[in-house]
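Read through the structure below, which is laid out as structure tokens, and then see the notes.
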Amino acid sequence: MLPEVSILVITFNRVELSAQYIPMFLERAGNVNTELLIWDNGSIDGSFDWGYTYSKADCRVHKVVGSNKNIGVEATTHLAKIARGKYIIKLDDDIEVPNRYAERLVSAYKQLQNDKVLFISWDMPWTDNTFAKRSGMSLYKPPNGEIVNLLDHSRLLISHRLDRWLINGACRFSPRDKFLEIGGHPKGIIYGVDEKISKIAHNHGYHGAYLSTKDLIMHRGTIDTPAYRRMKNNELARIGSPLHV
């Protein structure tokens with residue numbers, strides 16, 4: 001039986017985080033047939049070897065790909081092309097996911113029955129608010145968007161204007177064929193793809209949504225230190241993305 005959901009993970013020199021969180025992505029997927037694909041972006045810390053060993057221990061790991069250089073988020077597109085699922089979930093390798101997250105994302109998309117929604121991102125904490133709500137709920141009210149209540153009492157906060165607001169790639173669901181239809185992730189980007197892919201989706205007539213729940217995803221990786229922020233801001237400036245992303 002082919003998987004319904006393909007979980008796509010890109011990693012680079014974070015073997016300890018990968019070993020801690022990537023197995024969780026399968027363990028907490030829920031009642032949905034899943035597969036996992038890992039792309040190592042030229043790590044030198046043993047990340048590829050860990051992924052290869054892990055793939056031998058869990059048959060749900062469909063592919064572990066090693067690159068000889070860091071090609072950034074373009075790797076997600078390559079994984080999407082060899083994935084077998086109808087849906088893909090792009091996950092950062094340092095995210096703690098809620099129980100049954102994949103099952104719940106699929107259920108939310110099916111309940112919505114709206115082909116214009118291309119992306120559903122799971123909401124996460126951001127400063128003193130959440131990523132979805134930090135610029136105000138007016139983003140998800142007419143004429144800018146809509147709010148849909150789901151059967152499990154969570155909500156979908158839908159934006160019709162992805163040229164003004166962006167989806168979050170830390171945990172992002174989409175139908176695989178539609179992701180590839182818009183060209184996937186653009187080449188040459190290390191940071192800032194969320195803003196770019198949001199505008200690309202908008203230009204193709206698509207909307208984006210956040211799954212708003214009590215149990216948010218949690219970012220467990222690198223603390224946003226001044227040095228890390230400077231490096232990220234330099235990359236964002238290079239590709240012309242706002243520094244706040």
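The numbers here are math on the coordinates, done by the rules we state, and not lab data. Just so it is clear, the structure is predicted and the values come from calculations on it, not from any experiment.
Observations on the model:
- Region 152-229, relative contact order [Cα under 8 Å, separation at least 6], %: 49 percent
- Cα-based Rg and Dmax for region 12-83, where Dmax is the largest Cα-Cα distance (Å): 11.9, 36
- Restricting attention to region 100-236, close to 75% of DSSP beta bridges with both partner residues there are antiparallel.
- Relative contact order %, region 86-183, counting alpha carbon pairs below 8 Å whose residues are six or more apart: 43 percent
- Distance histogram for the chain (every C-alpha pair counted, 5 angstrom bins, percent rounded to whole numbers): 1, 6, 14, 19, 21, 18, 12, 6, 2, 0, 0
- Taking the DSSP bridge list for the chain and keeping only pairs wholly inside it, about 50 percent are antiparallel.
- Segment N129-Q111, extension gain: residue separation times 0.36 nm, minus the distance between their alpha carbons: 3.8 nm
- Computed over the chain, relative contact order equals 23 percent, with contacts defined as Cα pairs under 8 Å that lie 6+ residues apart.
- Cα gyration tensor shape of region 131-234, rounded if a/c is under 1.5, else prolate or oblate by comparing a/b with b/c: oblate
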